[in-house]
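Let me begin by presenting the structure, written as structure tokens, before commenting on it.
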Amino acid sequence: MRRGPVDRWTGGALAYGGDYNPEQWSDEVRAEDVVLMGEAGVTLVTVGVFSWGLYEPREGQYELDWLDDTFDRLHRARIGVDLATPTAAPPMWLLRDHPEILRVDRAGNRATPGGRLGWCPSHPVWREQSSRIVTVLAERYGTHPALRLWHVGNELGGGNRHCYCDVSAEHFRRWLSERYGTVDELNAAWGTAFWGHRYPDLDHVLPPRMPDEAEPRNPALVLDFDRFSSDALLEHLRSEKAVLRRITPRIPVTTNFMVGTGPHVLDHARWTPELDVVANDHYVRGVDPQQAQEVAFAADRVRGLSPDKPWLLMETAPNAVSWQPRNLPLEAGQLRRIAFTHVGRGADGVLMFQWRASVAGAEQFHSGMVPHTGKSTRTWREVVALGADLAAAAPLAGTLVERARIAVLVDDESGWAWAAGPKPIADHSPTDLPRRVHRALWSRGLRVDLVPTSRLDELAHYDLVVAAGLYLADELTARSLADVAGRGGTVLVTYLSGIVGRDNQVVTGGYPGMFRGFLGVHVEELVPVPVGAVVGLERGWVAHDWTEVVSVDDAQVVVRYLTGRLDGQPAVTRRDVGAGRVWYVSTSLDDAALGELFEEITAGLGILPPAAADAGIDTVRRTGEGTSYLVVVNHGDRPGIVETAGVDLLTGARWDAGCPVPAGGVVVIDEHA
Ligand code: GAL
């Protein structure tokens, strides 16, 4: 019997490395690369992400000697290879000979060669060509001892989320036919009586091509096209994976997601079952005043997609990126905090874009682990120090993050549904709410699991379940939330949750139609707040942007509005259901008020951080069989104390009670040592 893929990509430690592009460098530099990789403690590099045009400069003519040489050199240096399939960048000859594989945008313009990911996932020529190059690579390198992992394409959907060409249109209709069966079902689901847009048969359906951006399309059509587009890319992933599995059944397969604050281009929860390892790319944004929390949120979001297995941070930047308006360097020590925020939340590897900063090409000012200036740089010193830290933290490999007591539901489709048509408010989105709730809890040291709605059965494990801005929801989600309260748990639902069902149609009878049954309230009117206006509430709380006219059916009013047309009306309600409790928050509370509300709820439930610590210190616990590690990151500018005992893997120091954590520092405590 054939064995399935093994999880040997880490080599039993925490993987460390980055995108490695030897093709951009002389032989002398390549020789130096492996020496420097040794100094930095690099264990795994991603090779060949965009190299098809070099592997096959003309159709059928292969030049792979340099890749053979790269594999051998890396192997001699005991560095593993995460070999990318080079399908993120089709070669120039292919695009010249088959321009029909280039994606068409919604205004009807076909992409031109010179970018990346410009292809249409539905095109048969693309399918055939991409499968062919993947076959060549799998046959040539599948048995090389350095090969640890397959990396399909790169950030699928990043440059080709949608293709509106005729081939895609045909594929979309087949997808619709599978989803709805008959045109009558589709007409009902899409509400096509509106504007008389009824389709006489499925052949009449077109993608939501929109030469005029201002003209709204049917939100159900737009949402289905988003779903289809994610599925079309998923089919592409499956086609590459089928080749890899056939030829190299024991090499695990991944692809790098772009999971962060969102909005997302893929329905990740549908993709993860296809992957042996979930991998993510994450870069901090210079303008985000809450960078540290954003990293934690993104890492928690990825872990929500891979709760039972460690995952891989496939890309982050060792210093500045080159695609923001102002590309600020990281602060001293920030790279280490970023890395351990991901590791604490379940990453078994930290890889970067890229090993050596390029001198040419579209990313010539992007940082590299080896900067333009070379070794006498802060970047290099931090890169080397991080390699040593990750090596010291090797015992964490294979352990899992302890389950939190709080779950916040997340759903990529729900964000698409919100974005699919005009809404009562255009410059405020409920898709930000999971991150705001996460921040309220994170800033109090509390841990949150971000659970996709595809795994509702897991809600049984949580004491507090939050549906924050979950605009689209189905009956199963409603039932699962009601069940949480029914078994004595606490549920909190915010405004703009459960407004539409899976077809993107409003559920009538009072908002949030999908959830009002168990909330004991219904909302009569949605009342956006003018830009800049402040809403006053009882308790001295403040809100902005959003309010609602709430009618109480069977609940207690906890906080009322105090200003404007809603003065005296319910803003936050609570309903006790046996031992369970259900909250409804009808307004966009500011961070202070949201924090106080969650403080009250979590204190009532006795939910505590993994370890008591001073403010600004983040703690996460990873555990294995008989092992327990506390990963501690101090995001503050003052030293602090965390209440834990054990040995710091990074320094070897033993602490019997309070462990000091330097300002901006990291400790990893082996709690069983
Ligand atoms: C990623 C991409 C990399 C590189 C990097 C720069 O999105 O996968 O290839 O472009 O951004 O930050």
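The values are calculated or read from the model by the stated rules, or taken from the named source; none is laboratory data. Note that the structure is predicted; figures quoted are calculated from it, not measured. Neighbour counts run over all protein chains shown; Cβ positions are idealised from the backbone, glycine included.
Observations, loosely collected:
- Checking each residue in region 155-175 for being away from the ligand (no atom under 16 Å from the Cβ) and either assigned to a loop (DSSP other than H, G, I, E, B) or under 10 Å from Asp105 (Cα atoms) (or both) picks out His162, Cys163, Tyr164, Cys165.
- Any chance Leu351 is within 16 Å of the ligand (Cβ to nearest atom), in contact with a helix residue (DSSP H, G or I) (Cβ under 6 Å, 6 or more places away or on another chain), of a type outside the set (Ser, Thr, Tyr) and not in a loop (DSSP other than H, G, I, E, B): no
- Within region 306-324, considering residues that are surrounded by fewer than 24 Cβ atoms within 10 Å (Cβ to Cβ) and away from the ligand (no atom under 14 Å from the Cβ), the one nearest to Gly260 (Cα to Cα): Ser306
- Inspection of region 276-291 finds a residue satisfying the criterion of being surrounded by fewer than 18 Cβ atoms within 10 Å (Cβ to Cβ), within 14 Å of the ligand (Cβ to nearest atom) and not in a strand (DSSP E or B).
- Where Ser443 falls short, out of the listed (1) farther than 16 Å from Glu600 by Cα; (2) of a type in the set (Gly, Ala, Ser); (3) surrounded by fewer than 21 Cβ atoms within 10 Å (Cβ to Cβ): (1)
- Selection of region 354-375 for residues being part of a loop (DSSP other than H, G, I, E, B), closer than 16 Å to Leu330 by Cα, aliphatic (A, V, I, L, M) and touching a residue at least 24 places away in the same chain (Cβ under 8 Å) yields only Met369.
- Residues in region 43-77 that are closer than 23 Å to Val253 by Cβ, in a loop (DSSP other than H, G, I, E, B) and over 25 Å from the mean Cα position of the chain (by Cα): Ser51, Glu56, Tyr62, Leu64.
- Residues that are near the ligand (Cβ under 10 Å from one of its atoms) and surrounded by 24 or more Cβ atoms within 10 Å (Cβ to Cβ) within region 354-366 comprise just one, Gln354.
- Within region 255-267, the set of residues being of a type outside the set (Asp, Glu), at pLDDT 95 or above and either surrounded by fewer than 22 Cβ atoms within 10 Å (Cβ to Cβ) or more than 16 Å from the ligand (Cβ to nearest atom) (or both) comprises Met258 only.
- Some residue of region 125-144 being under 30 Å from Thr254 (Cα atoms), part of a loop (DSSP other than H, G, I, E, B) and within 16 Å of the ligand (Cβ to nearest atom): no
- Residue pairs meeting the criteria (Cβ under 9 Å; at least 6 apart or on separate chains; first within 28 Å of Ala397 (Cβ to Cβ) and free of Cβ contacts under 8 Å to residues at least 40 places away in the same chain, in region 311-329; second within 9 Å of the ligand (Cβ to nearest atom) and assigned to a loop (DSSP other than H, G, I, E, B)): Thr316/Tyr283; Thr316/Phe353
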